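Following: one structure in structure tokens, then a few remarks.
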């Protein structure tokens, strides 16, 4: 395994550019999940709970990639893992477009999630090894979500109306190949102990776990609403194309939120910005449960993007700052994946029993749990590496 020349990495360097490409590739299926769920629901007459399970299967694979990374990330060359991940994604999408069985589709979603989750594991390790993790995470989210917004808009506007699900999967596959090629800029691996001497580091396990629990519930909150975003808009009588534009704008606003957090940095600590973003998110989730017009839908979905993009860099940098050894940073993906895996399932149950707005209430409950977890930490006292 290749040891990087210099640690920590500059925020702008070849490894971080490669990591940003992998981070973007790893978010592609998640960006199109609302459209995928909507198309599958219409095509196969699935219930919201069943359609939500496709999202849960994908996110379960995402989580498995992170948990197992405690083993594979220190044993295998990351460049080889990127190539293998691209191959798995291509095979998964090809199979997904060729079969109609529910169990087979769910298995394909799990395999795709496993591959894309491995991309995020590698990306997070590189970002956490940078000189300023807050800024690296913020720029990565801003860049990735801005690109995803553009891609989603183009596909929702021009590909889906003409080619449907198969066209969407073909475009996503080509994007994964291109981004995977750029992702080969990442190192072969980061050997434990190169960033900080392991023997000299004592990781505060309880605070790290508390932060990961907060990330888990945060992922659940957003996934419960995002998965059924298309259903929420359509059930309120809104035009499908207009709903697609709003969903793609959510990703763009998410990137803007991360740019804002990057500019703000750690000037006011981490808890105060988090608290502000959680208030905005709570109001948007309440609005998502009471969609009365296109304007309310657009504000709710756009506000969700802004709040998520603004708060995520602070959440991720919190774990990175607590874990200066870098050993537990890979569990961020597990916490996000596990939370977002439960989100579609929990949201689907609520939608089946109370209608599409029920997803908003599930999201609000999980958001409160996340805030309690981060509130238990003295985030403002956690140092930031310069």
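The values are calculated or read from the model by the stated rules, or taken from the named source; none is laboratory data. Here the structure is a predicted model, which is why all the values come from computation and not from measurement. Counting neighbours? That spans all protein chains shown, and the Cβs are built from the backbone with ideal geometry, glycine included.
Here's a check for you: in region 49-73, which residue that is closer than 27 Å to residue 213 by Cβ and at pLDDT below 75 is nearest to the chain's Cα centre (by Cα)? In this case the residue turns out to be 52. For region 258-275, the tally of residues that are in a helix (DSSP H, G or I) and either surrounded by 23 or more Cβ atoms within 10 Å (Cβ to Cβ) or touching a residue at least 24 places away in the same chain (Cβ under 8 Å) (or both) stands at 10. Quick check, is residue 255 part of a helix (DSSP H, G or I), under 17 Å from residue 148 (Cα atoms), at pLDDT 85 or above and within 20 Å of the chain's Cα centre (by Cα)? Against the criterion (part of a helix (DSSP H, G or I), under 17 Å from residue 148 (Cα atoms), at pLDDT 85 or above and within 20 Å of the chain's Cα centre (by Cα)), residue 255 does not qualify. Please work out which one of (1) closer than 23 Å to residue 120 by Cβ; (2) part of a helix (DSSP H, G or I) is the condition residue 352 fails and give its number. So the condition that residue 352 fails would be (1). Restricting attention to region 131-143, and to residues there that are crowded, with 17+ Cβ neighbours inside 10 Å and over 16 Å from the mean Cα position of the chain (by Cα), which single residue is farthest from residue 226 (Cα to Cα)? The selected residue is 132.
Considering the conditions (1) in a helix (DSSP H, G or I); (2) modelled with pLDDT under 80, residue 245 is excluded by exactly one of them, (2). With respect to residue 146, determine if the residue is more than 22 Å from residue 337 (Cβ to Cβ), at pLDDT 80 or above, buried (at least 17 other Cβ atoms within 10 Å of the Cβ) and within 14 Å of the chain's Cα centre (by Cα). Yes, satisfied. Residues in region 84-104 that are under 16 Å from residue 170 (Cα atoms) and modelled with pLDDT under 85: 96, 97, 98, 99.
Within region 124-136, one or more residues are in contact with a strand residue (DSSP E or B) (Cβ under 6 Å, 6 or more places away or on another chain) and either assigned to a helix (DSSP H, G or I) or under 17 Å from residue 254 (Cβ atoms) (or both). Candidates in region 186-212 are the residues that are at pLDDT below 60 and in a helix (DSSP H, G or I); of these, the one that is surrounded by the most Cβ atoms within 10 Å (Cβ to Cβ) is 198. Taking first residues from region 162-185 that are on the phi > 0 side of the Ramachandran plot and surrounded by fewer than 16 Cβ atoms within 10 Å (Cβ to Cβ) and partners that are part of a helix (DSSP H, G or I) and modelled with pLDDT under 90, the Cβ contacts under 7 Å between residues at least 6 apart in sequence or on separate chains come to 164/39. Being modelled with pLDDT under 85 and within 19 Å of the chain's Cα centre (by Cα) is a description that applies to residue 32. Just one of the numbered conditions (1) closer than 15 Å to residue 371 by Cα; (2) crowded, with 18+ Cβ neighbours inside 10 Å; (3) more than 19 Å from the chain's Cα centre (by Cα); (4) modelled with pLDDT of 80 or more is not true of residue 283: (2). Evaluating residue 76 against the criteria (1) modelled with pLDDT of 80 or more; (2) assigned to a helix (DSSP H, G or I) leaves one unmet condition, (2).
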